[in-house]
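Here the structure comes first, spelled out in structure tokens, and everything after it is commentary.
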Amino acid sequence: MTKRVEVTISIGDKRITLEGPEDFVRGEVERFANLTSIGASRAEPANHTHEEALGPTHTERDLVAQKQPDGHLEIVAVLAYFLSKAGQQEFNPEDMRRAYIRAGVRPPKVVAQALRDAKNVKDFIETGSKSGTFRLSPHGERTVLFDLPRKSVTKAASA
């Protein structure tokens, strides 16, 4: 049986209480720590880059809504982009499953297969440094930044 823990985090004037298995709580605390460090770095003026074109995206849900990915392969690319910008350069299928859930998107039945397809079919992600890990590829990053959301092509009705 896994050990259940409860942790309360204070961020500014907000308090967040997490309760559950120790591994889950530890992972969420690390994620909040990464998000707060990214938020602090955004407060400082920086050189203007292509990332500013994304606008204010604070959560996985915001980025998925903004980019409107079509299908699991593009969703994997968008979530991998978010994870990389949140400081998690490499991820495994369980990390991706959690990102799907935080984004409010139903994960595929076999997340590992969606990751393999995103790697082998579309080249959105590539193999990480450890076995079973992945990271966003340069092609995947360009796709998320410049190609999403896709422009809908309307076909003229032939009558």
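The values are calculated or read from the model by the stated rules, or taken from the named source; none is laboratory data. These numbers were taken from a predicted model, which means no experiment stands behind them. Note that each Cβ is placed from the backbone with ideal geometry, even for glycine, and that neighbours are counted across all protein chains shown. The accessibility values were calculated without ligands, DNA or RNA, using every heavy atom of the protein model including side chains. Shrake-Rupley method; radii C 1.70, N 1.55, O 1.52, S 1.80 Å.
Assorted remarks:
- Considering each residue of the stretch 21-31 in turn, at least one proves to be open to solvent by less than 60 Å² (accessible area, probe 1.4 Å), part of a helix (DSSP H, G or I), modelled with pLDDT under 80 and farther than 22 Å from PRO138 by Cβ.
- Scan of the stretch 97-111 for residues that are more than 18 Å from LYS67 (Cβ to Cβ), open to solvent by 70 Å² or more (accessible area, probe 1.4 Å) and of a type outside the set (Lys, Arg), ordered by number: VAL110
- Subset of the stretch 71-89 (residues that are surrounded by fewer than 20 Cβ atoms within 10 Å (Cβ to Cβ) and among the small types (Gly, Ala, Ser)): GLY71, SER84, ALA86, GLY87
- Here GLU94 meets the list (1) at pLDDT 85 or above; (2) closer than 24 Å to THR127 by Cα; (3) surrounded by 15 or more Cβ atoms within 10 Å (Cβ to Cβ) almost entirely, failing just condition (3).
- Any hit, the stretch 112-119, residues being open to solvent by 20 Å² or more (accessible area, probe 1.4 Å), under 18 Å from PRO69 (Cβ atoms), within 16 Å of the chain's Cα centre (by Cα) and in contact (Cβ under 8 Å) with a residue 12 or more places away in the chain: yes
- Residues (outside any loop (DSSP other than H, G, I, E, B) and of a type in the set (Ser, Thr, Tyr)) located in the stretch 95-130: TYR100, THR127
- Residue pairs meeting the criteria (Cβ under 9 Å; at least 6 apart or on separate chains; first under 13 Å from GLU60 (Cα atoms), in the stretch 82-94; second assigned to a strand (DSSP E or B) and open to solvent by less than 50 Å² (accessible area, probe 1.4 Å)): LEU83/PHE91; LEU83/LEU136; SER84/PHE91; SER84/LEU136
- Under the condition of being open to solvent by 20 Å² or more (accessible area, probe 1.4 Å), at pLDDT 50 or above and assigned to a helix (DSSP H, G or I), the residues counted in the stretch 52-63 number 2.
- Verdict on THR8 being at pLDDT below 85 and at negative phi: yes
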